[in-house]
Amino acid sequence: MKIYTKTGDKGLTSLVGGTRVAKTALRIEAYGTVDELNSYIGLVRDQAINEGRKEVLKEIQDRLFTIGSILASEPEQTKRQIPDLNEGDIELLEKEMDKMDESLEPMRFFILPGGHQSVSFGHLARTVCRRAERCVLRLTEESEVSSLVVRYLNRLSDYLFVLCRIMAKELEIEEVAWKPRV
C-alpha cells in the first residue's frame, strides 16, 4: 500500500464514513490540531526527566488517537466501530495531577514558561492542547461532539501544566514568576 493516494490533491479529504470535505473544514482543523498535540506529547514523553511517566504519556497519546478518530468521523457514523473515550480517562489525568500536586508548593503567582528545554516542550504541548480545545469547542457550535472530548482536552491542559511544574521541581529549576508592570 502506498502512502500517497492523490485523492487530496484538490484540497479535499475523507471523513471516516466516506464524506468528502475541504481540508480547511473546522472538523479537519480540530483533529489536525489534536494530531499536532499528540506529536508534542511524544516529544515530552521522550524527555529523560519523564522516564517514570512514559506509560501515562503513552496512554495520553493513545487517548488522543481516540479523540482524533472521534473527530474524524461523521457524527452519525454507525457503520464502523469508533474507539471510545470514557470517564475513567479523565479520572486518570486527575489522579496523576493529584499525585504530582502532593509534592509541589502551592502556586502564588503566574509562571513564565521555560527554564529548561523539557519544561518548555511541556508548555508547548499545553498551549497546543488549549488550541485543540478551542477548535473542538468551535466545532460543537456546528456539529455534535461528545462532551467527554472537550472535558478530556480541558483536563489534559491542566495535567500538562502540573507536569511542567513537577519537571521544573525535579530538574531543580526555579519557576519564574510573572511580575506585571503597573
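The values are calculated or read from the model by the stated rules, or taken from the named source; none is laboratory data. Computed from a predicted model, the values in this text were never measured in an experiment. Glycine also receives a Cβ, built like all others from the backbone with ideal geometry; neighbour counts cover every protein chain displayed. Areas reflect the complete protein model, heavy atoms only, side chains present, ligands, DNA and RNA absent. Shrake-Rupley method; radii C 1.70, N 1.55, O 1.52, S 1.80 Å.
Numbers at a glance
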| item | result |
| --- | --- |
| Lysines whose Cα lies under 26 Å from that of residue 6, excluding same-chain neighbours fewer than 8 positions away | 23, 79 |
| Full-stretch length increase - residue 101, residue 65 - with 0.36 nm per residue and alpha-carbon distance subtracted | 10.3 nm |
| Separation between Cα centres of region 1-74 and region 106-123, rounded to whole Å | 26 Å |
| Answer label for Cα Rg over 2.2 N^0.38 Å (calculated), chosen among (i) 0.95; (ii) 1.14; (iii) 1.08 | (ii) |
| Selection of GluC sites (Glu not before Pro), region 2-105, meeting DSSP coil and at most 15 other Cβ within 10 Å | 76, 102 |
| 1.4 Å probe accessible area per residue over region 1-75, in Å² | 56 Å² |
| Table column - 3J(HN,Hα) (Hz), region 56-66, Karplus curve with 6.51, -1.76, 1.60, x for Gly and Pro | 5, 5, 5, 4, 4, 4, 4, 5, 5, 5, 4 |
| DSSP loop trypsin sites (Lys or Arg not before Pro) with at most 15 other Cβ within 10 Å: longest gap in the chain | 109-180 |
| Solvent-accessible area, 1.4 Å probe, carbon plus sulfur percent, for the chain | 52 percent |
| Rg/Rg_ref, region 1-100, where Rg_ref = 2.2 N^0.38 Å and atoms are Cα | 1.28 |
| Amide H contacts under 5 Å for residue 16, placed H, 5+ residues apart | 73, 74 |
| Where labels lie 7 Å past Cα in the beta-carbon direction, separation of residue 137 and residue 173 in nm | 2.7 nm |
| Long-range amide H partners of residue 111 with built H, under 5 Å | 178 |
| Restricting region 81-123 to chymotrypsin sites (Phe, Trp or Tyr not before Pro) in coil, as DSSP defines it, with at most 12 other Cβ within 10 Å | 109, 110 |
| Ranking by accessible area, most exposed first, for 103, 39 with a 1.4 Å probe | 39, 103 |
